[in-house]
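> The following block contains the structure, expressed as structure tokens.
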Amino acid sequence: MSPSFSATIIKKTQLTPTVMLIGFRADPPLIFTAGQHIVLSIPIGATFMDRPFSLASPPSKSEYELLVKLMSGGVASTFFETAEIGDRIHFSGPHGNFHIDPNHHAVRLIASSTGIAPFRAILPALLDSQKSPHAVTLVSIPSIGEPNLLSEEFEALTSRYNHFRYIPVTDFGAYLDTLAIIPEEDIYLCGGPNFLHDIKTALLVKGADLDQIHYEEFK
């Protein structure tokens with residue numbers, strides 16, 4: 001069973017009309033592997049409801065970040081929209097086994113909206129992991145009518161790492177139509193159930209092997 005933590009909210013940043021970045025500091029510090037998630041206990045009256053969130057910051061940072069999709073009437077959305085800096089949150093973790101083997105081949109990371117969170121945590125160590133690195137590609141697919149999240153941050157990485165490519169998609173259907181499979185490339189997916197179904201189906205139709213495709217669904 002994963003340990004429980006208390007933490008203090010130290011940052012609230014509205015990235016888009018429907019996505020908020022939440023920063024917090026835990027005591028004691030949380031030790032985790034990039035790609036893992038936590039389970040927040042959201043207070044609802046006299047009880048609590050659990051909600052999983054991928055950590056959007058690397059383990060090397062002393063402060064932790066989440067990307068929260070704001071949904072009308074959503075339990076976590078309502079909580080974070082009304083929360084203030086200094087408020088306490090409670091969570092368990094870390095959970096999950098969504099990580100990338102350091103002895104990776106070429107890697108393609110495909111994320112939908114806030115599914116970019118674990119890849120943001122994974123990228124720093126991944127891009128520095130080898131002296132003769134394999135190609136790393138990040139594909140960001142936004143929600144309809146929304147911009148790609150944290151594009152400036154990922155664009156900046158392309159100037160620092162010659163082996164890193166960032167693809168901000170504007171048309172998901174067009175991306176699926178032009179999708180090409182690269183042999184021995186490991187493909188990691190993160191997003192909602194419908195996205196995972198659609199992108200996995202497209203990859204298999206295009207000729208990807210099941211062993212190439214990696215993802216983790218929240219339970």
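The values are calculated or read from the model by the stated rules, or taken from the named source; none is laboratory data. Here the structure is a predicted model, which is why all the values come from computation and not from measurement. Note that each Cβ is placed from the backbone with ideal geometry, even for glycine, and that neighbours are counted across all protein chains shown.
> So which of Arg51, Arg88, Arg25 ends up being over 23 Å from Tyr188 (Cβ atoms), out of contact with any Gly (no Cβ under 7 Å at 6 or more places or on another chain) and without any contact (Cβ under 8 Å) to a residue 40 or more places away in the chain?
Answer to the selection: Arg25.
> Those residues that are at pLDDT 95 or above and aromatic (Phe, Trp, Tyr), I need them from the range 14-67; list them, please.
Phe24, Phe32, Phe53, Tyr64
> While we're on this one: Is it true that some residue in the range 76-87 is assigned to a strand (DSSP E or B), within 21 Å of Pro142 (Cα to Cα) and among the hydrophobic types (A, V, I, L, M, F, W, C)?
no
> Out of Val68, Val75, report the one residue that is within 20 Å of the chain's Cα centre (by Cα), of a type in the set (Val, Ile, Thr), buried (at least 20 other Cβ atoms within 10 Å of the Cβ) and over 13 Å from Arg120 (Cα atoms).
Within the list Val68, Val75, the selection yields Val68.
> Let me ask you something else. Out of Phe91, Phe48, I need the residue that is outside the structural domain of Ile141 (by TED's automatic domain parsing) and either within 20 Å of the chain's Cα centre (by Cα) or outside any strand (DSSP E or B) (or both). Which one?
It is Phe91.
> If Pro193 satisfies every condition in (1) under 22 Å from Phe98 (Cα atoms); (2) within 19 Å of the chain's Cα centre (by Cα); (3) surrounded by 15 or more Cβ atoms within 10 Å (Cβ to Cβ); (4) in contact (Cβ under 8 Å) with a residue 24 or more places away in the chain but one, which is the exception?
(3)
> Of these, Leu66, Leu126, Leu55, which one is closer than 17 Å to Tyr215 by Cβ and either charged (D, E, K, R) or assigned by TED's automatic domain parsing to the domain that holds Met20 (or both)?
Result: Leu55 is the single residue among Leu66, Leu126, Leu55 that is closer than 17 Å to Tyr215 by Cβ and either charged (D, E, K, R) or assigned by TED's automatic domain parsing to the domain that holds Met20 (or both).
> For the range 103-120, state whether one or more residues are in a helix (DSSP H, G or I), outside the structural domain of Glu155 (by TED's automatic domain parsing), at negative phi and touching a residue at least 12 places away in the same chain (Cβ under 8 Å).
no
> Among the residues of the range 173-190, write down those that are more than 18 Å from Ser140 (Cβ to Cβ) and free of Cβ contacts under 8 Å to residues at least 60 places away in the same chain.
Once the filter is applied, which keeps residues that are more than 18 Å from Ser140 (Cβ to Cβ) and free of Cβ contacts under 8 Å to residues at least 60 places away in the same chain, the range 173-190 yields Ile181, Pro183.
> Which of the residues spanning the range 13-38 are within 15 Å of Ile89 (Cα to Cα) and more than 17 Å from the chain's Cα centre (by Cα)?
If the condition is that a residue be within 15 Å of Ile89 (Cα to Cα) and more than 17 Å from the chain's Cα centre (by Cα), then Arg25, Ala26, Asp27, Pro28, Pro29, Leu30 are the ones that fit.
> Failed condition for Ser140, given (1) touching an Asp or Glu at 6+ places or on another chain (Cβ under 9 Å); (2) surrounded by 22 or more Cβ atoms within 10 Å (Cβ to Cβ); (3) polar (S, T, N, Q), with all others met?
(1)
> Is at least one residue of the range 136-159 in a helix (DSSP H, G or I) and farther than 20 Å from Glu65 by Cβ?
There is at least one residue in the range 136-159 that is in a helix (DSSP H, G or I) and farther than 20 Å from Glu65 by Cβ.
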